[in-house]
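Below is one structure; the comments refer to it alone.
The values are calculated or read from the model by the stated rules, or taken from the named source; none is laboratory data. The shown structure was predicted, so the numbers you read here are calculated from the model rather than taken from an experiment. As a convention, Cβ positions derive from the backbone with ideal geometry for all residues, glycine included, and neighbour counts pool all protein chains shown. In case anyone asks, the SASA skips ligands and DNA or RNA and just uses the protein heavy atoms, side chains included. Shrake-Rupley method; radii C 1.70, N 1.55, O 1.52, S 1.80 Å.
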Amino acid sequence: MLIFVALIVVGLMWLGSDGDEQLVLRADPVVFGRDTDCESPDLVRDFGLSRMPATHEVPEFGKLPFAPKTMGLLRRGGRVLPPGESFGYGLIDRSLSGNTPLHWTVRARLSVADSSGTVGREIDSLERDVPRAGNGASFYLDPLDRAGFYLYEIEFLDQRGEVLGAYSVYFRVFEKRYWKARLSLNAERFQPGSRVWGRVENLGTERVYYGESFLLERWADDSWVSAQDVFGANFGFALWLGNIEPGAHGECNSLELPSDVDPGRYRLVKEVGPAPWPNGDRRYLLTAPFIVAD
């Protein structure tokens, strides 16, 4: 298990299209402080959703126990939304045939809730027949055009009207979009030969887009200089694009420090951004400093 430390001093620099530094922000102080590993689904910021009562959520990876093995139920987006966006789930058939008979009736409803999870009035609902397992069947509902907590409920019925499964989940609508991210490490001090793990954490209400690549720098002569030589000659990055829902964290990067690495101050530097990163002008550099001990 890894303990991720949210560093007190984490630089967030906004680079315009000309590459000049335009904005420097401080890291958000919210820290969960729990043991975790790189695959943990735990949120780094839950926006008050942890205060909600327990619900029966859709199983991991959308695998419904009563459905064909190729079927999945995937949620649209995260549990934190800006006003004007719908919330719900869609069916996906991984076999791509779309011919598996289902003969389901799907019902969904959406209700307002307060900050303790107490459910109020119903504001939207649907009922839909799903005869086959084709892609495209979606069950999206619209919250009010204002901030607040909501409870989404969905149930699946067979041809006899018997309930196959029922699920529910709370989500939250925020008044406005805002973008905030940080880069966290598994420790602040490392020994030569140890492994540094880092991950991007999304503390805002917009998705954060990122890839695998990052830079390593060391402090020398009163400035940060490249320390890419620490990677070694055969080090490389895979080319992929990922995105992080509000409150969640991304895949980990890792770097094994050589046994003969020079002690001193280092930092990881990683470029991220909102959509349409990496093609847009809004590009940010996240930095996370650490010490290599003598």
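Before moving on, here are some points about what is shown:
- Taking every DSSP bridge with both residues inside the range 138-177, close to 100 percent are antiparallel.
- Size of electric dipole in the range 187-294: Cβ of Lys, Arg +1 and of Asp, Glu -1, about Cα centre, debye, nearest 20: 240 debye
- Note on the range 64-180: with neighbouring protein chains present and a 1.4 Å probe, carbon and sulfur make up 44 percent of its accessible heavy-atom surface.
- GluC sites (Glu not before Pro) lying in DSSP loop within the range 243-286, provided at most 16 other Cβ fall within 10 Å: E251
- The trypsin sites (Lys or Arg not before Pro) of the range 142-238 that DSSP puts in a loop, and whose beta carbon has at most 10 other beta carbons within 10 Å, are R146, R160, K176.
- The residues of the range 86-223 present an accessible area of 48 Å² per residue when probed at 1.4 Å with all protein chains retained.
- Simple rule: put +1 on each Lys or Arg Cβ and -1 on each Asp or Glu Cβ in the range 152-224, find the dipole, and look at T205, Y170, S223; the Cα lying farthest toward the positive end is S223.
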